[in-house]
Structures are given as structure tokens and as C-alpha cells.
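Shown next, in C-alpha cells, is the structure this report addresses.
Any read-out appearing in this document is the output of simple, stated calculations on the displayed coordinates, not a laboratory observation. Since the structure is predicted, the reported quantities are computational estimates derived from the model, not experimental observations. Because the Cβ atoms are built from the backbone with ideal geometry, glycine has one as well, and the counts that use them run over all protein chains shown.
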Amino acid sequence: MSDNITEVQSVYISSRCLYSKAQVEQALDKMAITITEELSESNPVILCVLTGAIIPMGHLLTRMDFPLEIDYVHATRYQGKTVGKELQWLAKPRIDLTGRNVLIIDDILDEGHTLKGIIDYCQQQGANSVQSAVLVEKYHDRRVKDLSADYVGLGVDDFYVFGYGMDYKDYLRNAPGIYAVTEED
């Protein structure tokens, strides 16, 4: 077994569960209800921020029973690391955003550089409105000034977290809950 797999398994075993699968599912239920109430009549474009938002978006979409279009963006600052760098665009939306109401779905709002870059891009493309939904919001004072998510599922203190789309070095996105990496990791 490679050292990387051994490290990932060790991190998973020693991690602390912050939210169980049932708690995450309940948060997704609440988010979907609010999003449906506010956007169901607006024919929105829902943008998935790859790769982390695949799991939360998939779970949200099955709870939102109204007409919408789906697309994705792939913008990242992490490239498999635990510390972010400059925003890299790997894919931009195919759908014309001009005059559209856009909902960006991401896994986590941490410092917000990636989300801010995507919001700015959508506005530059002529979107009528741009909103954001994140499964997890991290509480700290390093956030991009005046940035917040419109829809938030759960909050966490300033831990490195994984699960439900969030990764640890490109692994553990499929963990069935939200977990914090322990200090020694």
C-alpha cells in the first residue's frame, strides 16, 4: 500500500466527526426548501463548482422539484494540496448566463477566493442575479471582505474538514459526514 493511502487512512481513522450523515442530510433538506421557495419561479442556472460540489449538488438537486438548468465550472486554488494558491480556471460554463439567475453551489466557503472569482465571472457574463449555496461555512476572520453565501447548510470552526465533497489531499470526498482533521495530522 502506498504511503499516500496509508496517510489518508490514518487521517480518516483519527478524524473527529463534526456532523453525521443524518445531520448533513437534514441540512440539505432545509437548504433545498429555502432555495425552492426563493428560486423555483426564476428558471435558474445551477452551477456546480467542481470537484467538491458534486456530492452536495447531487443531493440538493434531487430535493429541488422545479425547472432549472445545470452547468459547471472548474476553478480551483488547491490542486490536491491543503493550502490554496492563485485561482486556476479549468472549465467555464457552457450555458449563456446573460440575463439569467445563477445559483453557484460549492462544498465549502472558507476564505472565499474561489467563490468570489466565480461570482465576479458570472456578473461579467451578464447574469441577472448571482447567488451562492455552500454545504459548509467555515468560521474565521480570513474571508474575502463582504463575501457571504446566500444559502448555508452547516457551520464549522476553523478546522481542516473533509467529507460530502470536501477532500483531504484529493481523497475522502465520499466520507459519510463532515469530519475534522485532528491537530497531529
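Each of Tyr72, Ala91, Pro44 was scored by the projection of its Cα onto the charge dipole of the chain, and the greatest displacement toward the positive side belongs to Ala91; charges sit on the C-beta of Lys, Arg, Asp and Glu. Taking all Cα pairs closer than 8 Å and separated by 6 or more residues, the relative contact order of the chain comes to 27 percent. Residue order for Val134, Val144, fewest other beta carbons within 10 angstrom first, comes to Val144, Val134. A straight chain from Gln123 to His140 at 0.36 nm per residue would run longer than the Cα-Cα distance by 3.5 nm. For the options Ala22, Ala127, Ala175, a Gaussian network treatment of the chain with springs between C-alpha atoms closer than 10 Å singles out Ala22 as fluctuating the most. Note on the chain: with charges restricted to the Cβ of Lys and Arg (+1) and Asp and Glu (-1), its dipole about the Cα centre is near 280 debye.
Among the GluC sites (Glu not before Pro) in the range 1-48, those placed in a DSSP loop whose Cβ has at most 11 other Cβ atoms within 10 Å are Glu41. For the options Pro56, Pro67, Pro44, a Gaussian network treatment of the chain with springs between C-alpha atoms closer than 10 Å singles out Pro67 as fluctuating the most.
Going from the fewest other Cβ atoms within 10 Å to the most, the residues Leu68, Leu103 appear in the order Leu68, Leu103. The loop-placed trypsin sites (Lys or Arg not before Pro) in the range 87-185, going by DSSP, that have at most 14 neighbouring Cβ atoms within 10 Å of their Cβ come out as Arg94, Arg142, Lys145, Lys169.
Estimated purely from DSSP H runs of n ≥ 4, each contributing -39500 (n - 2.57), the mean residue ellipticity at 222 nm for the chain is -8500 deg cm²/dmol once divided by its residues. Tell me which of Val134, Cys122, Gly165 sits at the most positive position along the dipole axis of the range 112-185, charges placed on C-beta atoms (Lys, Arg +1; Asp, Glu -1). It is Cys122. Count the DSSP beta bridges whose two residues both fall in the range 3-179, then state the antiparallel fraction as a percent rounded to the nearest 5. In the range 3-179, DSSP labels about 30 percent of beta bridges as antiparallel.
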